[in-house]
Each structure stands twice: as C-alpha cells, then as structure tokens.
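First up is the structure itself, then whatever we jot down about it.
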Amino acid sequence: GVTRLLLTRIPFFKEIIVSSFSCDSCSWSNTEIQSAGRIQEQGVRYTLAVTSRQDMNREVVKTDCASARIPELDFEIPAFSQKGVLTTIEGIIDRAVAGLEQDQPTRRATDKEVARKIDEFIGKLRQLKEVNSPFTFILDDPSGNSFVENPHAPQRDEALVVTHYRRSPQQSALLGLEVDAKPPDAAEDLRDEVGGAEGHSGQLPWAVWDILTALSLPQVLQFNTNCPECNAPASTNMKLVQIPHFKEVIIMATNCDSCGHRTNEVKSGGAIEPQGTRITLRITDPSDMTRDILKSETCSVEIPELEFELGMGALGGKFTTLEGLLKDIRDLVEKNPFTLGDSSTPSRTGKLQEFIGKLQDVKGKAQAHFIMDDPAGNSYLQNVYAPEEDPELSVQRYERTFDQNEELGLNDMKTEGYEPGPASER
C-alpha cells in the first residue's frame with residue numbers, strides 16, 4: 001500500500017502530522033495523526049457541554065494516549081485503545097459505534113444477552129448525535145497534545161472548559177517519560193493558574209475556597225487556628241494562585257467543624273503597585289455577573305446609580321464573582337442589627353429595603369456602573385475578551401495622593417538610599 005504524510009497546522013493549536021494509508025488490493029484505508037511537537041509540560045482536559053448539532057461538528061484532535069468520556073452514559077474510550085485521529089465530536093461517536101458493531105455477529109451467535117445489551121447501548125450512542133438532550137464530552141490527555149475546537153476563538157467559549165494539570169508519576173511512566181524521584185520545589189508546588197482568556201481553568205476553579213475548605217489537597221498548606229465565631233480549634237488552608245493577565249495572590253480559607261462557620265481571605269502575593277488603579281465596569285447584561293473579581297482589603301467599591309459606596313477595608317479581601325460580591329454587600333446590610341435588625345428605625349428600614357431591591361435589579365436586568373478604586377493597585381476584574389480590549393471595562397492608573405500614601409504607610413517607608421554608608425576613618 002501507500003502511506004501519505006501531511007504536516008499541517010490547526011489554528012489556535014499547533015502543528016500535527018496527518019498520515020493516510022490506502023491499499024489498492026483490498027481497498028482498506030486508514031488515517032491517523034501524530035503531534036509534530038514535544039510532550040507538553042502539563043496534561044490537558046477538555047470538558048465540553050454539547051447542546052446543539054453545531055457542537056457535534058467541532059474539530060477534535062485525539063492522540064493515542066488520550067481518553068474520551070461521556071459521563072451521562074458512563075461511557076469511556078480508554079487511552080492507548082485507538083490510534084490518534086483528527087475528527088469531530090460526531091466522528092468520535094461514529095468510530096465508537098463502529099468498534100462496538102465489529103464483533104456483534106459473533107456475539108449474537110455465542111451470547112445473545114450481551115449482544116442485546118450492546119445493541120441497546122449503540123442505540124443510545126446514536127441518539128446522542130441528534131442532541132435531543134445535552135450531554136458532556138470530556139477529553140483527557142496527559143501528554144497535553146489533544147485539542148477541542150473553540151469556534152469563537154480568540155474569544156472565550158462558555159461551553160468549553162480547558163483544564164491544565166500536573167501529570168502523576170503513573171501517567172508519566174505510560175508516556176515513557178523519566179519519573180523524577182526528587183520531590184518538586186515546595187514553592188513551585190504551591191502555585192497554580194486559574195481562569196484564562198479562552199476558557200482555561202486551572203486545577204482550582206473560581207469558587208476556590210469551596211474546594212480549599214472541603215479538601216486537603218497536597219499542594220495546599222494547612223495550619224491550625226481558632227474559629228473567629230466560636231473559638232473552637234479549626235484549620236486554615238492556604239494556596240498560591242496565579243491569575244492570568246494579573247499577578248499572584250494568596251487565598252486562605254477556614255472551615256470550622258464545630259459551628260459550620262466558613263470564611264475566606266485574599267492577600268496580594270506581590271508588592272504595592274507604583275500607581276493606584278480605578279476599574280470601571282458598565283453592567284449591561286446578566287452574564288456580567290459571572291466575571292471574576294479580586295477585591296483587596298485596600299479597595300473601595302462604588303455604584304453611582306444606587307448612590308452606594310463601600311469603604312476601604314469593608315468585607316476584607318475577596319476572590320469571587322461580581323454576583324458573589326453583590327451578595328456579600330447585601331448580607332452586610334441585612335445582618336447589621338442597626339440597619340434591618342431590632343435596633344433599626346422604620347424610616348431607615350424602608351430606605352434600606354428599597355436599596356436591596358435596586359441591588360437585586362442590578363444582578364438581573366438594570367444597567368449600572370460598578371467601580372473599584374484601589375490605591376494599592378492590587379485589585380482585579382476579569383476581562384472576558386482578553387487579550388483583546390473589553391468595550392465595557394476601563395482601567396485607569398493614577399498617582400496616589402499624600403493621604404492615600406499615608407493610609408498605606410508609604411510616606412514613612414524608605415525604599416531607596418537606606419544602605420548605611422562606609423564607616424568614617426579614625
């Protein structure tokens with residue numbers, strides 16, 4: 001037969017080698033792909049929510065070491081069970097159906113019950129192609145060389161989540177890589193990357209404290225403390241996280257088993273910026289509520305349409321979404337006994353109830369401006385169009401005033417020329 005090779009490049013991915021074999025004697029043909037690059041530093045996992053027929057046409061690069069799963073059917077194509085292929089979501093399902101049908105005539109003759117169950121499962125796989133109900137397609141490749149198309153690239157794809165992870169020693173051994181017996185650097189092991197301009201999501205999702213408080217991951221530092229509510233012994237988890245297009249932050253989460261109290265706090269992992277930052281977001285759509293926010297303890301928040309301002313230090317450092325921050329503001333108002341509790345006055349209660357109603361409208365339909373002013377420059381609001389400019393988001397840098405430097409303790413801080421001079425000769 002004849003084998004043909006083609007070196008090609010997939011947009012927003014990398015170069016691959018497509019090989020095609022055909023036999024003139026029996027008309028058998030086969031195609032497979034191989035990565036033209038090296039094994040990546042990290043593995044990759046693509047999670048796609050398939051909701052329409054258009055999703056079935058997304059291009060997929062599946063290497064031979066990648067596994068594919070559809071959790072709704074409890075179906076999995078194990079790694080190294082197929083050759084690498086350049087196809088679509090529908091093509092992967094068709095290939096799985098063809099593989100299951102290959103030995104069905106023999107099964108029907110030897111074990112009718114097993115053949116009947118496989119026929120039922122094949123029918124379910126074929127129904128997936130019609131997308132009568134949504135399902136999830138997961139492609140996991142420890143080599144990092146598989147790919148699922150983002151038709152909206154370079155913009156973010158809401159239906160596709162890309163997770164980069166560190167390979168386990170077993171996965172490295174399967175790939176033929178030498179397993180380093182030396183443990184990784186402790187400081188590097190604590191770092192992770194979350195989020196991204198094209199739907200990338202690191203090992204930690206944005207609701208990072210929910211996982212930190214629920215799990216004791218090996219990359220998370222843990223130290224003993226006391227609960228701020230009941231003073232019972234508790235533990236605090238700490239993690240270094242790298243935010244794309246921003247900087248490194250430290251997330252600390254505490255969960256008390258005695259009273260159930262949970263708290264989280266965010267600290268900047270870097271120095272105070274040379275200039276302050278003023279971030280203005282024009283809220284025009286409910287999807288803006290999903291934007292990720294890092295609010296440092298030095299940041300103030302303002303919503304001019306509601307005549308609302310949250311001063312510096314209130315709520316502390318927060319790593320959440322815009323909706324989560326607005327919920328924290330609402331809880332701050334409602335749980336204060338001097339505003340809506342027994343100690344409040346009827347006139348004040350009415351005004352605050354009206355404010356809460358307007359705040360709820362901002363989360364749903366009303367348009368408003370959300371302003372974050374951080375003299376330290378350590379706050380962040382996600383740009384969903386990154387690395388392109390966001391038309392609804394503006395970031396201004398400004399020189400701090402003397403009073404702002406005083407609040408940050410910078411006026412009395414000497415950072416240059418502090419070295420002692422040479423000793424005078426006697």
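Quick note: the coordinates plus some simple rules give every number you see, no bench work behind them. This one's a predicted model, so the numbers in the text were calculated from it and none came from an experiment. Neighbour counts run over all protein chains shown; Cβ positions are idealised from the backbone, glycine included.
Please list the three semi-axes, largest first and in whole Å, of the ellipsoid equivalent to region 42-175, using sqrt of 5 times the eigenvalues of its alpha carbon gyration tensor.
Semi-axes (√(5λ), whole Å): 27, 20, 11.
Using θ = phi - 60° in the Karplus curve 6.51 cos²θ - 1.76 cosθ + 1.60, the 3J(HN,Hα) couplings for region 99-116 round to x, 6, 7, 4, 9, 5, x, 5, 5, 5, 7, 9, 9, 5, 5, 5, 4, 5 Hz; x is entered for Gly and Pro.
Annotation for Glu399 and Glu41: the two label points, set 7 Å from Cα along the Cα-Cβ direction, are 3.9 nm apart. For region 275-290, backbone phi angles converted through the Karplus equation (6.51, -1.76, 1.60; θ = phi - 60°) give residue-by-residue couplings of 10, x, 10, 10, 10, 10, 10, 8, 7, 10, 8, x, 5, 5, 5, 8 Hz, Gly and Pro being listed as x. Annotation: extensible slack from Asp390 through Gln104 equals 97.5 nm (criterion: 0.36 nm per residue apart, minus Cα-Cα distance).
For region 42-175, the residue among Thr51, Gln127, Val161 whose Cα projects farthest onto the positive side of the dipole built from Cβ charges is Val161. With a simple spin-label model that places each label point 7 Å from the Cα along the Cα-to-Cβ direction, the separation between Lys267 and Lys335 comes to 2.2 nm.
Evaluate the relative contact order of region 218-268 (contact order divided by residue number), counting alpha-carbon pairs under 8 angstrom at least 6 apart; express in whole percent. Relative contact order, region 218-268: 29 percent. With q set to 0.11 Å⁻¹, the log10 of I(q)/I(0) for region 276-408, from the Debye formula over equal scatterers at the Cα positions, is -0.42. A compact globular protein would have a Cα radius of gyration near 2.2 N^0.38 Å; the ratio found for region 218-268 is 1.27.
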